[in-house]
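The values are calculated or read from the model by the stated rules, or taken from the named source; none is laboratory data. Treat the numbers as computed from the prediction; the structure is a model and nothing was measured. Glycine also receives a Cβ, built like all others from the backbone with ideal geometry; neighbour counts cover every protein chain displayed. Remember, those area values only see protein heavy atoms, side chains included, never the ligands or the DNA or RNA. Shrake-Rupley method; radii C 1.70, N 1.55, O 1.52, S 1.80 Å.
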Amino acid sequence: MRRPALTVVLVFLCGLLADHYLTLPLFPLLAGGLLSGTLAVWLGRRHPTLPRVIALCACLSLLSASAFWYTVRTGVASRHHLSRVCDLPEPITIAGTVAADPDCRERYTLVTVEASQAVIGGHPVRLTGRLLVRLGAPRTSCAYGDRVRVTGRLRRPDPARNPGGFDARAFYEQHGIAGLMSVRDPARLTILSRRTAPTFHTFLIRPMKQAAERTIDATLRGPSAALLKGVLLGEKQALPEDILSAFSDTGLTHLLAVSGFNVGLIAIIAMTVLGLLRLPRTPATVGTLVVIILYAFITNLTPSVVRASIMAGLFLIANLIDRQTDPLNVLSVAALLILILWPQAVFDLSFQLSFAATLSLIVVYPWMRERLPAGLRRANTWWKRWLIEGLVVSSAAQVGTLPLIAWAFSKVSLIAPAANLFVAPLVLIATALGSATVLSGLISVEVARLFSAANWLALQGMMHVAAVGASIPSASLIVSRPPLAVMAGYYLTLLLIIHPPRSPVGRRGLVALLVVGLAGLGWEMFLRPRDLVVTFLDVGQGDAVVVECPNGYVLLVDGGNREPEFDAGERVVLPFLRFMGSRRVNAVLLTHPHNDHLGGLPAVLEGVGVDEVIDSGIAPETPAFRHWLDAIKARRVRYRTTAAGDSLRGMGDVRGVILHPSSDFTGSTGDPPYGLNNASVVLRLDYRAISVLLTGDVEDPAEAGLIEQDVPLRSTVVKVPHHGSSTSSGLTWVEAVRPRAAVISVGAWNRFGHPDPQVIDRYRRLGTAVYRTDEAGAVVLRTDGRSFRLEPTIRRGRERPLLTPSQALGSILLTGFRENLY
């Protein structure tokens, strides 16, 4: 077996994935692993002539062991674990130790605390696990290792609340954070004692990192300093949003994170310096390994750095003992070590992109280079070689990471290979000069300024190339998130193209597989009948509804709230539109100009193309509405008003009719006599036998007016008026609409007390299924016009149960042992 580590890591990976998606019980895993492992050992001794059977048994044993290990690491926690006391109705006081250097931002500070004790209901309770505290101040006096006490409401991180949204729960759990606490008053975090005993972090890592940051801040300013910290130290929090966006649009985001490129360069610099000191081979290698390890700790042990550090270390050791190495085998060893220590890394995007890019450079790059014309492969001038090699390397990495980037960002850069061609050399220069700046800063800041002055040109060049690339029309392409089956098919096809079967039967199978895959893709993209999809987004205390018609027409009704720290249009609506692959919105309908419906719409106009904007014509003199009008004018979007009796055009088989407001509710002077809520636009959508009623914030007067006008109110699904307020959804209205399902768009713990329990009771008494976005997240309605289904984004009761060690032992021993947690 030429690459044993590759086989081992693939089997180990399959075990992790199987346990994650299937939630396998502990006893069968342990029993199956022991049985198959024992059988493999027995066959190896008694029947060594059966290598395939022995290998199969060994693989089954490893598969069971990895699944068992994943369960133990992710599904078992102490009965004192703080995840068991999250989401209590009252604040709790937690004492613990600061587990990492506080992360100071512009408006707040993030402090990671390793909990040891809590006071719940006046009683002290032992506690374990980590929580992340957000302090409402840009600075804090606490430091790594200090004993602190903090009081606030402890909550579990939210899962993804909208389709394609950020899954905070998975992200934080992957990084060992079990609870979140937001504390506006920094005085509620008190320091109990300071750490006095030195540790590896406080004695060595933190001083080195702080010295590097001080030197960079002393010799560079503004975005250049922030960019160098990102490239050299992996700290990109201070980078302006426009620079981050430009790097993203040009496919250069990976250059802002420390990766194998940086580790390799640091290793070369270390080897060069130690070589100039004329150290023997062994001390020079050991010294380089020490430098690599220190650099990995300084850059926070991110998966890409750990992967590169392990690979670099293995190559250095192999070179020292004069052993040949196989890059694919070394990569597999690095992956196996990371997955053993941190099984959740398999779902970490940094881990996925790092290993996918490296694997592609090992496998795809040689294949692509071999297929270049002979004249290009043997280019005799340096600039031709640089151009060809750079394009091939960048294209190979792009091929390997394309599905992952599309899945994570719903965006693919079309100019990434060309942009990398120019930026990669600048990153090399910036990293080398940045290292020289940091090292010389230990001796003289004036000398460090000379290196930074030269480095400023390289950093400015990086930002300029990113800005120019982002300004190119269609530099990046918005795509819908590819299904897992499509991603698996992509990688399988890529593998079979690079390593095609040698037998005629295998080649015919490959052709058949490609034909079936293309046929399935064609059916999914062009031939499959489309449903009407109405998504009631979770934008907190506000409304935003996206309607996607079978003919592709996209209508956005309202855009949620906009506050200083949260813009629903930027944070929720735009990511969802990208997730569904929409590059244009055919129409934006504003029900009424309150901020919780209007606030996020300007960001939508700035982020995607919009054909027309529709509202009731009411124009209040408010800053939010003026900002909205300015955005319409700046984007030159067609604008029109609507009223009761109008219809929406272009929706194919879907009929959209405006039921409200009439002139009695808008008023002749533009001042609605019953208020803005009662002048909301009410839209009815009919698709064959299924109807949807979108009601804005209408209240009792508007509801009575609609009933008196005898308009068609009976609907299959209704968006409950005014977030379920007691001033709306009267009994007469509910009986007139008589929906089979009702969706309430409402924010969790909102200060208005929405929804009113009596409103929910009125709907439920009629047999209506009630969905709330504060509990279910976004609610997606899918219908073919004959039947319908509602899909909440958050599905309760589907998570892996968290066992205590005693419960896990009882599961293994089949004793059914249970215990009280508190």
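Observations, loosely collected:
- Yes/no for Ala624 being of a type in the set (Gly, Ala, Ser), in contact with a Gly (Cβ under 7 Å, 6 or more places away or on another chain) and outside any helix (DSSP H, G or I): no
- The set of residues in region 714-735 that are part of a strand (DSSP E or B) and either open to solvent by 10 Å² or more (accessible area, probe 1.4 Å) or in contact (Cβ under 8 Å) with a residue 60 or more places away in the chain (or both) comprises Val717, Lys719.
- Failed condition for Thr272, given (1) in contact (Cβ under 8 Å) with a residue 24 or more places away in the chain; (2) surrounded by fewer than 18 Cβ atoms within 10 Å (Cβ to Cβ): (1)
- Pair list, Cβ < 6 Å and 6+ apart or interchain, from region 490-511 residues that are more than 12 Å from Trp367 (Cβ to Cβ) and assigned to a helix (DSSP H, G or I) to residues that are of a type in the set (Phe, Trp, Tyr) and at pLDDT below 85: none
- Residue in region 420-434 that is open to solvent by 30 Å² or more (accessible area, probe 1.4 Å), in a helix (DSSP H, G or I), closer than 20 Å to Leu484 by Cβ and among the small types (Gly, Ala, Ser) present: no
- Residue, surrounded by the fewest Cβ atoms within 10 Å (Cβ to Cβ), within region 695-707, restricted to residues that are part of a loop (DSSP other than H, G, I, E, B) and out of contact with any strand residue (DSSP E or B) (no Cβ under 9 Å at 6 or more places or on another chain): Glu699
- Matching residues, region 194-219, being open to solvent by less than 30 Å² (accessible area, probe 1.4 Å) and among the small types (Gly, Ala, Ser): Ala211, Ala212
Listed here are the residues, each with its yes/no results for (1) more than 20 Å from the chain's Cα centre (by Cα); (2) assigned to a helix (DSSP H, G or I); (3) at pLDDT below 85.
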residue: Ala178; (1), (2), (3): no, no, no
residue: Met181; (1), (2), (3): yes, no, no
residue: Ala212; (1), (2), (3): yes, yes, no
residue: Gln237; (1), (2), (3): no, no, yes
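- Residue match in region 77-87 (condition: open to solvent by 20 Å² or more (accessible area, probe 1.4 Å), closer than 30 Å to Ala197 by Cβ and in a helix (DSSP H, G or I)): yes
- Flag for Leu110 being of a type in the set (A, V, I, L, M), modelled with pLDDT of 90 or more, assigned to a strand (DSSP E or B) and open to solvent by 10 Å² or more (accessible area, probe 1.4 Å): yes
- Some residue of region 277-286 being touching a helix residue (DSSP H, G or I) at 6+ places or on another chain (Cβ under 7 Å) and either closer than 25 Å to Gln398 by Cα or surrounded by 17 or more Cβ atoms within 10 Å (Cβ to Cβ) (or both): yes
- Number of the exception - Thr381 against (1) farther than 18 Å from Gly251 by Cα; (2) open to solvent by 50 Å² or more (accessible area, probe 1.4 Å); (3) free of Cβ contacts under 8 Å to residues at least 60 places away in the same chain: (2)
- Thr250 meets the conditions (1) within 30 Å of Leu426 (Cβ to Cβ); (2) open to solvent by 30 Å² or more (accessible area, probe 1.4 Å); (3) touching a Ser or Thr at 6+ places or on another chain (Cβ under 7 Å) in every case but one. The failed one is (2).
- Unique residue being more than 26 Å from Phe355 (Cβ to Cβ) and not in a helix (DSSP H, G or I) when the list is Leu204, Leu279, Leu274, Leu228: Leu279
- Annotation note: of Leu35, Leu17, Leu63, Leu24, the sole residue that is within 17 Å of Gln344 (Cα to Cα) and out of contact with any helix residue (DSSP H, G or I) (no Cβ under 6 Å at 6 or more places or on another chain) is Leu17.
- Within region 740-768, residues that are open to solvent by 50 Å² or more (accessible area, probe 1.4 Å) reach partners that are assigned to a helix (DSSP H, G or I) with beta carbons closer than 7 Å, at six or more positions or on different chains, in the pairs Ala748/Asp774; Arg762/Leu731; Arg762/Val734; Leu766/Val734.
- Scanning region 120-139 for residues that are open to solvent by 60 Å² or more (accessible area, probe 1.4 Å), farther than 13 Å from Val183 by Cβ and either assigned to a strand (DSSP E or B) or without any contact (Cβ under 8 Å) to a residue 12 or more places away in the chain (or both) yields Gly122, His123, Pro124, Arg126, Arg130.
- Out of Pro593, Pro550, Pro602, one residue alone is open to solvent by 20 Å² or more (accessible area, probe 1.4 Å) and either of a type in the set (S, T, N, Q) or on the phi < 0 side of the Ramachandran plot (or both). It is Pro550.
- From the options Leu404, Leu442, Leu450, Leu414, residue that is surrounded by 14 or more Cβ atoms within 10 Å (Cβ to Cβ) and either over 30 Å from Gly552 (Cβ atoms) or among the charged types (D, E, K, R) (or both): Leu450
- Of all the residues in region 48-61, those that are open to solvent by 80 Å² or more (accessible area, probe 1.4 Å) and farther than 21 Å from Leu6 by Cα number 2.
- Of the candidates Asp686, Asp653, Asp664, Asp710, the single residue that is assigned to a helix (DSSP H, G or I), open to solvent by 20 Å² or more (accessible area, probe 1.4 Å) and either more than 24 Å from Gly560 (Cβ to Cβ) or at pLDDT 95 or above (or both) is Asp664.
- Subset of region 1-47 [under 13 Å from Ala58 (Cβ atoms), open to solvent by less than 20 Å² (accessible area, probe 1.4 Å) and among the aliphatic types (A, V, I, L, M)]: Ala40, Leu43
- Each residue in region 609-667 was checked for being charged (D, E, K, R) and touching a residue at least 60 places away in the same chain (Cβ under 8 Å), and 2 of them qualify.
- All positions within region 631-650 that are loosely packed, with under 13 Cβ neighbours inside 10 Å, of a type outside the set (Ser, Thr, Tyr) and under 23 Å from Pro672 (Cα atoms): Arg640, Gly645
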